[in-house]
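All remarks here apply to the structure that follows.
Throughout, read-outs are computed from the coordinates displayed, never taken from laboratory work. Treat the numbers as computed from the prediction; the structure is a model and nothing was measured. We place every Cβ from the backbone using ideal geometry, glycine too, and count neighbours over all the protein chains shown.
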Ligand SMILES: Cc1ncc(COP(=O)(O)O)c(C=O)c1O
């Protein structure tokens, strides 16, 4: 007789947390001590010693000539658009399935984010829908390499070049990913990265912008340093109103050590995902991974997304399964993102949101693929699960299998969950 579901009073499959994330040790302790003893803790002069070194190391890792560091991934997008001189009032096309920052950053620069649906196989921006959304006011495209996917950079790069549009890659989820062996962040005109706590490369907070363009790099450095022009970034004609968005030496020193850990962590996650995929395929019908895209020559795993088929779970809604999974000790999320137009963080405040001032309409139902993923289909599993080796993967499989075996009970037991309302 199978163990009862933890949600219905049984013992959970897993009682110990996954992780810890981030991983750290002696190298990080030594790096912090180095900064402490330098008595130069801040981002000024900009870039400071650790920041300059990390920027070079990160540019080499991504495969660009330059990296400019900054405070976080939101302002990285803002800096990218401002350095490229995108006009206030211009339209910037972004996917509807992403974190609010992808849209809030252009809005903060007075630009108008225009949402576009995603493709069902990658959950990244749909090139056909993107092209249909372009107007004479469009100046830029921001793609997001989401979770464990990459956007179709063949098509999108071609569209951007043909239409003369700036192309920014939001790589907040994709440190180290590669498309046709080009690093995420090296394909568009600019790439932006977040080093916030949950990310694959983190200092708690932090951000970076990558580019091959010398003038963009100089403008980025100037904008992030209050508009100053210093030797090394005084070779462009304008004077721009900048901001203090400098990264501290603490963050840069930690990031240098975390970057050294990243390749091994990537190998560990890849091995775990390979095991998970094989076991789920064999043992738990109704859970599919997003299909592999052979053009992605290094797939990264900020979150691993499974597509859920309720038919294989006695018709139980995904959100109910996620409750059961949580109860079994497996961290997971369904509504990790909702269509941005329905995200409460995308406030329809005319004073702070230029899209609202410009009369954009956000009625529901315009992003069916995003809505299907957000409300019914996608199960997001965080990357720290996959640092735990075979035992961690086996717990995930055991939890799913237990839930599937008892799906009928789950359907009838303990009432309908608040989260299971279909949208
Ligand atoms: C897709 C995406 N873009 C941008 C950001 C913004 O990064 P940050 O939190 O460092 O400002 C995030 C962070 O969560 C993100 O997930």
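Annotation: extensible slack from residue 2 through residue 65 equals 17.0 nm (criterion: 0.36 nm per residue apart, minus Cα-Cα distance).
Helix 153-163 and the long axis of the chain differ in direction by around 40°, with both axes built from C-alpha atoms. Here the Kirkwood formula, the inverse mean of 1/r across different C-alpha pairs, assigns the chain a hydrodynamic radius of 22.4 Å.
May I ask for the distance between the Cα centers of the range 32-85 and the range 101-138, given as a whole number of Å? Going from one Cα centre to the other spans 27 Å. Running Debye on the range 46-163 with equal point scatterers at the Cα sites and no solvent, what base-10 log of I(q)/I(0) appears at q = 0.17, 0.21 Å⁻¹? Debye intensities relative to I(0), on a log10 scale: -0.92, -1.24. Picking from 78, 265, 405, which is most flexible by a Gaussian network model of the chain using Cα springs under 10 Å? Result for the chain, Cα springs under 10 Å: 405 fluctuates most.
Legend: Rg and Dmax of the range 187-237, from Cα coordinates, 12.8, 39 Å. Using a Förster distance of 25 Å, how high is the FRET efficiency between residue 412 and residue 333, based on the Cβ-Cβ distance and rounded to 0.05? So the FRET efficiency works out to roughly 0.50.
Size descriptors for the range 184-269: radius of gyration and Dmax over Cα atoms are 14.8, 48 Å.
Give the order of 283, 323, 249 when sorted by the count of other beta carbons within 10 angstrom, beginning with the fewest. Kindly include the intermediate steps, with their values, before the conclusion.
Details: 283 13, 323 22, 249 25.
Listed from fewest to most nearby Cβ atoms, that is 283, 323, 249.
Spread over its residues, the convex hull of the C-alpha atoms of the range 26-258 is 109 Å³ per residue. Using the average count of surrounding beta-carbon atoms within 10 Å as a protection proxy, the listed peptides 343-355, 308-320 rank, highest first, as 308-320, 343-355. To the nearest ten degrees, helix 249-283 and the longest principal axis of the Cα atoms of the chain are 30 degrees apart.
Annotation: extensible slack from residue 347 through residue 390 equals 11.2 nm (criterion: 0.36 nm per residue apart, minus Cα-Cα distance). With a Förster radius of 30 Å applied to the beta-carbon distance between residue 298 and residue 197, the computed FRET efficiency rounds to 0.80.
I'd like the projected area of the range 263-420, averaged over all directions, using the convex hull of its alpha carbons. Report it in nm² with one decimal.
Values: hull surface 47.0 nm².
The Cα convex hull of the range 263-420, projected and averaged over all directions, gives 11.8 nm².
In a fully extended conformation the segment linking residue 136 and residue 314 would gain 59.2 nm over its present Cα-Cα distance, using 0.36 nm per residue. Tilt of helix 214-224 relative to the longest C-alpha principal axis of the chain, in degrees (0 to 90, nearest 10)? Once rounded, one gets 80 degrees.
Among 98, 300, 274, the largest mean-square fluctuation in a Gaussian network model of the chain, built with springs joining Cα atoms closer than 10 Å, belongs to 274.
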